[in-house]
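**Student:** Before anything else, here's the structure in question.
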Amino acid sequence: QVQLVESGGGLVQAGGSLRLSCAVSGRTFSGGKTGWFRQAPGKEREFLALIRWSGGGGVYANAVKGRFTISRDTAKNTVDLQMNSLKPEDTAVYYCAADRSSVVIMAAAAYGYWGQGTQVTVSS
């Protein structure tokens, strides 16, 4: 059973940075991808970025391109999300998710495995 655990959330001032980490365990498939999503109160879950375990760079949503960077550590089985120049509108619960397929898909429904989420609050 694949399990994902997020960490690194917290309170930060606007313009600041946070680094989220997603620890992935139980992943028996060699390929696949891991993505980061967020959900603000009253809003739908939003795709942010994904990275494939087989290699290559990240794929980003336009809203975070240039501010967020996704990376993976295959030895540690972790996927991090470095978030810079944070804005109050970035406030949300942030989730990591995994999918067995390496096909680039941004829809949350395509991901079968999810973490519990970590809260990020950006104050103005």
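**Student:** Solvent-accessible area per residue for the chain at a 1.4 Å probe radius, Å²?
**Tutor:** That works out to 49 Å² for each residue.
**Student:** Let me ask you something else. Only loop residues by DSSP count here, and only those with at most 14 other Cβ atoms within 10 Å; note down the GluC sites (Glu not before Pro) in region 1-105 that meet that.
**Tutor:** Glu44
**Student:** Under 10 Å, Cα contacts only: if you run a Gaussian network model on the chain, which one of Ala49, Ala98, Ala61 comes out with the highest mean-square fluctuation?
**Tutor:** Ala61
**Student:** Rounded, prolate or oblate: which fits region 68-114 when a ≥ b ≥ c are the square roots of the eigenvalues of the alpha-carbon gyration tensor, with rounded for a/c under 1.5 and prolate only if a/b beats b/c?
**Tutor:** Oblate.
**Student:** For region 13-65, what's the radius of gyration and Dmax over Cα atoms, in angstrom?
**Tutor:** When restricted to the Cα atoms of region 13-65, Rg and Dmax are 13.5, 39 Å.
**Student:** Step through the residues of region 59-67 one at a time and calculate ³J(HN,Hα) from phi using the Karplus curve (6.51 cos²θ - 1.76 cosθ + 1.60, θ = phi - 60°), rounding each to whole Hz and writing x for Gly and Pro.
**Tutor:** Running phi through 6.51 cos²θ - 1.76 cosθ + 1.60 with θ = phi - 60° gives 10, 10, 6, 4, 5, 10, 4, x, 10 Hz.
**Student:** Moving on to the next point. Please identify every one of the chymotrypsin sites (Phe, Trp or Tyr not before Pro) in region 19-124 that sits in a loop by DSSP and has no more than 13 other beta carbons within 10 Å of its own beta carbon.
**Tutor:** Phe29
**Student:** Once the mean 1/r over all distinct Cα pairs of region 1-123 is inverted, what Kirkwood radius in angstroms do you read off?
**Tutor:** When all Cα pairs of region 1-123 are included, the Kirkwood radius is 14.2 Å.
**Student:** Now, a different point. Note the full-extension length gain between Lys65 and Lys43 as 0.36 nm times their separation in residues minus their Cα-Cα distance, in nm to one decimal.
**Tutor:** Gain on extension, Lys65 to Lys43, equals 5.9 nm.
**Student:** Pick out, in residue order, every one of the trypsin sites (Lys or Arg not before Pro) in region 54-104 that is DSSP loop and has at most 12 other C-beta atoms within 10 Å; say none if there are none.
**Tutor:** Those that pass, being in a loop and sparsely packed, are Lys76.
**Student:** Starting from the Kirkwood Rh over alpha-carbon pairs, what translational D in µm² s⁻¹ does region 36-104 have by Stokes-Einstein at 10 °C and 1.306 mPa s?
**Tutor:** Translational D for this selection: 124 µm²/s.
The values are calculated or read from the model by the stated rules, or taken from the named source; none is laboratory data. Remember, it's a predicted structure, so these values are computed and weren't measured experimentally. Cβ: placed from backbone, ideal geometry, glycine included. Neighbour counts: every protein chain shown. Just so you know, the surface numbers come from the protein's heavy atoms only, side chains and all, with ligands and any DNA or RNA stripped out. Shrake-Rupley method; radii C 1.70, N 1.55, O 1.52, S 1.80 Å.
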